[in-house]
Amino acid sequence: MNRRHFLTWMGLGTLAGMAGERASFAERYERISPGRFLPSAQSSFVPDVDLALRAAPGDVQTLSGARTRVWSYDGRVITGPPETLQRIPGSYLGPTIRVRTGQKVRIRFTNELSEQTIVHWHGLHVPAPMDGHPRSMVAPGQSYVYEFEVINRAGTYWYHPHHHNRTGPQVYAGLAGLLIVSDDTEATLALPSGKEEICCVLQDRVFDARNQLVYGVGVPMEQMGGFLGDRMLANGLEQPSLAVATRAYRVRLLNGSNSRIYKLAWDDGTPVTIIGTDGGLLEQSLRRPYLTLAPGERADVILDLSQHRIGTSVALRSLPFSGVESSMGMGMGRGMGRMMRGARAVPNGAPLTIMTLQVQRRETSEFRLPARLSTFDASWQPAGADRLPPRLITVTAGGMRWLLNDRTFQMEGVAPNETVSLGAKEVWEFANRGAGMMGMRMAHPLHLHGRQFRVLSRHVDPQVAGELASLRDGFTDEGWKDTVLVMPGERVRVLMHFTRYPGLFLYHCHNLEHEDMGMMRNYRVAG
Ligand code: C2O
Ligand code: CU
Ligand code: CU
């Protein structure tokens, strides 16, 4: 393989040298004059929580031996409850940000990287200038002040960079963190919390012989497939083991991988009890043999270990599956399809172990899963939505790129059929046609900024119905979603409501290599 195509994580070698000379974050933060924030803090905005967050190079002990150079977020609470930021020990992941619905949050972000970046709050409904659009990119040494009210329901959200062309490498280098919202309705359920809450961010990586991250997609055909690692990390640690007790746990899962899809199951056959999706709690829990989690998606799961014996263990595994990549074409198309998959040591659909829970202590817990978890607003019930004419978004391939409605990303570009009216309720149909001259098709996790939606229906091309079957029982279409996996040949209809904030927002594939190659578009909420 051409060296140019398989670089050790670019730039980190030189950056790491600078890390030692850097002033502490606190010192540095004090030196930044308010005038350097873009845009500057609004004096009329009175935050309940005021945070400083920075992106900077650093290093962590991920594997045994040499430390791994990474890019990470870290933060500091300026005002507000100190528990708003929770560091994950030993991890490159950013601090978990915990906020409550109704809180006014200010986040003073500083970019201490050698390249531009911007932070996006995935899943949160915030005004357009606060959403982390790549138009608002922050130059090295510069800052950006985010100010928004948390209006989302309680749920598991996350934050990550949104540099057009460089989101994949920046997330891969370590820039990501959880953003957990809680609210009063959720509090009445008394779900397991504190030590009984396990957060698990799933990411796959490649390390070189000196424990440094390797990121590289070579020929365009490889980028069409996305980047897949050959080692599995949970919260930035390789297949961690956790000591647990005989009680119920709440497990919050985030697929923070660039391109990998997971088919998650407990290895002892315990069904997966799902209580929440991207946009928070379901109305009623679901019991599934496994859970499908595509890049960008989250799931909230209850694992009741009260009947487990001391000394036993339960591992979270990704089961083998197929059908997310295919080549329907003849001759050259088939060859290219093989090439797209072939270079990877651990292809999408390979079995993996994520983490292991060791039952070590006897404890009794009173926890009973409530029959009703939440109530969805009546205006959001899918009934009747089938009368709305759908807005069609096709996924196709052309010129070695994945396209949305045959278009690629333009920073300011919005087509007439990408403009919606403020307050409108609409059905969008994502039609995964793929194919193109190479005959390639892939599953794409499609994500919308600025709102949650409901999945109305899935229609499958009978030609690929068999392939879809491999993941179908793990879809969580019952809940609120901001990211939905659209299988090859599938048409998925979702119900949206364009409330509250006008302006320019993004929709894109959350396969980060696809996003970086332009499988992203703006939509405008006009009002
Ligand atoms: Cu995680 Cu543009 O999103
Ligand atoms: Cu997003
Ligand atoms: Cu894609």
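The values are calculated or read from the model by the stated rules, or taken from the named source; none is laboratory data. Just so you know, these numbers come straight off a predicted model, no measurement behind them. Here Cβ is always computed from backbone atoms with ideal geometry, including for glycine, and neighbour counts include all displayed protein chains. SASA here: full protein model, heavy atoms, side chains in, ligands and nucleic acids out. Shrake-Rupley method; radii C 1.70, N 1.55, O 1.52, S 1.80 Å.
Of the residues making up region 387-398, those that are open to solvent by less than 70 Å² (accessible area, probe 1.4 Å), more than 21 Å from Y501 (Cβ to Cβ) and not aliphatic (A, V, I, L, M) are P390, T394, T396, G398. Here the condition is being modelled with pLDDT under 95, surrounded by 19 or more Cβ atoms within 10 Å (Cβ to Cβ) and touching a strand residue (DSSP E or B) at 6+ places or on another chain (Cβ under 9 Å); of M224, M232, it holds for M224 alone. When L191 is tested against (1) buried (at least 22 other Cβ atoms within 10 Å of the Cβ); (2) closer than 19 Å to R69 by Cβ, exactly one condition is not met: (2). For the residues Y249, Y262, the requirement of being within 15 Å of C199 (Cβ to Cβ) and either modelled with pLDDT of 95 or more or surrounded by fewer than 24 Cβ atoms within 10 Å (Cβ to Cβ) (or both) singles out Y249. Exactly one residue out of R98, R135 is over 18 Å from the mean Cα position of the chain (by Cα) and either part of a strand (DSSP E or B) or within 16 Å of ligand 1 (Cβ to nearest atom) (or both), and it is R135.
Annotation: E83 fulfils all but one of (1) within 16 Å of G177 (Cβ to Cβ); (2) surrounded by fewer than 20 Cβ atoms within 10 Å (Cβ to Cβ); (3) in contact with an Asp or Glu (Cβ under 7 Å, 6 or more places away or on another chain); the unmet one is (3).
Residues that are within 13 Å of ligand 2 (Cβ to nearest atom), open to solvent by 10 Å² or more (accessible area, probe 1.4 Å) and either among the aliphatic types (A, V, I, L, M) or outside any loop (DSSP other than H, G, I, E, B) (or both) within region 117-132 comprise A128, M130, listed in sequence order. Scanning region 91-116 for residues that are farther than 19 Å from D131 by Cα and either open to solvent by 50 Å² or more (accessible area, probe 1.4 Å) or among the hydroxyl-bearing types (S, T, Y) (or both) yields a count of 3. Restricting attention to region 141-167, the residues being away from ligand 1 (no atom under 13 Å from the Cβ) and touching a Ser or Thr at 6+ places or on another chain (Cβ under 6 Å) number 3. Can P140 be described as closer than 26 Å to R524 by Cα and open to solvent by 10 Å² or more (accessible area, probe 1.4 Å)? No. Number of residues in region 138-185 that are over 30 Å from G216 (Cβ atoms), more than 15 Å from ligand 2 (Cβ to nearest atom) and part of a strand (DSSP E or B) equals 6. Checking each residue in region 194-221 for being among the aliphatic types (A, V, I, L, M) and surrounded by fewer than 19 Cβ atoms within 10 Å (Cβ to Cβ) picks out A209, V214, V219, M221. Checked against the criterion of being among the basic types (K, R), at pLDDT below 90 and in a helix (DSSP H, G or I), region 16-27 contains not a single residue that satisfies it.
Determine if region 189-197 includes at least one residue that is in a loop (DSSP other than H, G, I, E, B), touching a Phe, Trp or Tyr at 6+ places or on another chain (Cβ under 9 Å) and either of a type in the set (S, T, N, Q) or within 16 Å of ligand 1 (Cβ to nearest atom) (or both). No, that holds for no residue.
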